[in-house]
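K.L.:
My structure is below; once you've seen it, I'll send some questions.
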Amino acid sequence: MVKWEAAVATENPKLLYRIVQLLNELEIKYVICSPVDHRCEHAHVVITGPNDNSQEHEGKIEVTEDFDTDFARIEIVSKLHNLQTPSKAVVGIDPGMTFGVALVIDGIPVYSNALTSPESVAAFSQTLVGYTTKLFPDSQILIRIGTGSKLYVALLLRSIMNSKIIPSIELVNEYRTTIIGGARSDESAAILIAGRTGRPISTTDLTVEPKEGYIRSLKRYVTKLTKGKKSITSDEARELLAGNSTLEDVIKQL
């Protein structure tokens, strides 16, 4: 009979500290025990180190001292939900001045976060695709992006298109995806976006007309990204909107 969601079964103090810190952040109920403790049998997931000689367990996860917390988080949550051979994994993205990013596997959210720049979102989306491929190599993987903001969608798509590997992408109607307010509203919207079927991207999705509203928004966005240290002119904003320069290059040159 399962009594705990997780058992931390290691004699390595550094590893123990990092695992407990992660489980506390995830608000997962856990027990700390030795690698051979019988209490491991009553946990859904057993997290241990490579030198702990722990017993075999269906939900065993082995991590090293320098483990990637994001990857571990996804693996732990996936095992807690009995995701073994899922058919579909979706990275949902809610674009805006803050980008919500979520990984949803067979309808179950296993990760969410908020990032600030199109470049970081594009890179992290690739990272999430890599994590999923490693854990579930047979699952279909795609990225779904909300279309609530033409400007931020275009900036994100341009960054993704500059990536070495371009994944399958769908654009999704964002109508009624903002269901809660507060700091994590972008993440909740990204989860809902991941669950909606979208359409393929087209060349027009990467273009933005140099309207005054977009120019003002872009200038404010650059100021926010650089924490007020840098700014761009209206002409520089027009060049960026036209696709003659990238947001990352403009910021680096300032």
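The values are calculated or read from the model by the stated rules, or taken from the named source; none is laboratory data. Keep in mind that this is a model prediction, so the values were computed, not measured. As a convention, Cβ positions derive from the backbone with ideal geometry for all residues, glycine included, and neighbour counts pool all protein chains shown.
K.L.:
Scan region 90-97 and tell me whether some residue there is assigned by TED's automatic domain parsing to the domain that holds THR133 and surrounded by fewer than 17 Cβ atoms within 10 Å (Cβ to Cβ).
P.N.:
yes
K.L.:
I need a count of the residues in region 33-53 that are touching a helix residue (DSSP H, G or I) at 6+ places or on another chain (Cβ under 7 Å) and either over 25 Å from TYR111 (Cα atoms) or part of a loop (DSSP other than H, G, I, E, B) (or both).
P.N.:
Matching residues across region 33-53 total 2.
K.L.:
Restricting to region 36-58, what's the tally of residues that are out of contact with any Phe, Trp or Tyr (no Cβ under 9 Å at 6 or more places or on another chain) and surrounded by fewer than 19 Cβ atoms within 10 Å (Cβ to Cβ)?
P.N.:
Total satisfying the criteria: 12.
K.L.:
Let me confirm something: among LEU128, LEU103, LEU115, which residue is over 19 Å from ALA72 (Cα atoms) and not hydroxyl-bearing (Ser, Thr, Tyr)? Spell out the reasoning first.
P.N.:
On the way: LEU128 fails: over 19 Å from ALA72 (Cα atoms); LEU103 fails: over 19 Å from ALA72 (Cα atoms).
None of the others qualify; the one that does is LEU115.
K.L.:
Contact list please: Cβ distance under 8 Å, first residue in region 159-170 and within 10 Å of ALA123 (Cα to Cα), second residue in a strand (DSSP E or B), pairs at least six apart or on different chains.
P.N.:
Taking only residues 6 or more apart or on different chains, the pairs are ILE160/ILE143; ILE160/ILE169.
K.L.:
Using beta carbons and a limit of 7 Å, which pairs, at least six apart or on different chains, have the first residue in region 214-233 and within 14 Å of LYS252 (Cβ to Cβ) and the second one in a helix (DSSP H, G or I) and of a type in the set (Lys, Arg)?
P.N.:
ILE232/LYS219
K.L.:
Further, regarding this structure: Any idea which of (1) small (Gly, Ala, Ser); (2) in a helix (DSSP H, G or I); (3) in the same structural domain as THR197 (by TED's automatic domain parsing) is the one ALA72 doesn't satisfy?
P.N.:
It is condition (3) that ALA72 fails.
K.L.:
Is it true that GLY198 is closer than 21 Å to VAL110 by Cβ and in the same structural domain as SER112 (by TED's automatic domain parsing)? Steps first, answer last, please.
P.N.:
Values: closer than 21 Å to VAL110 by Cβ: yes; in the same structural domain as SER112 (by TED's automatic domain parsing): yes.
Yes.
K.L.:
On to the next question. Hey, any hits in region 22-35 for a residue that's outside the structural domain of LEU115 (by TED's automatic domain parsing), crowded, with 18+ Cβ neighbours inside 10 Å, touching a Gly at 6+ places or on another chain (Cβ under 6 Å) and touching a residue at least 40 places away in the same chain (Cβ under 8 Å)?
P.N.:
No.
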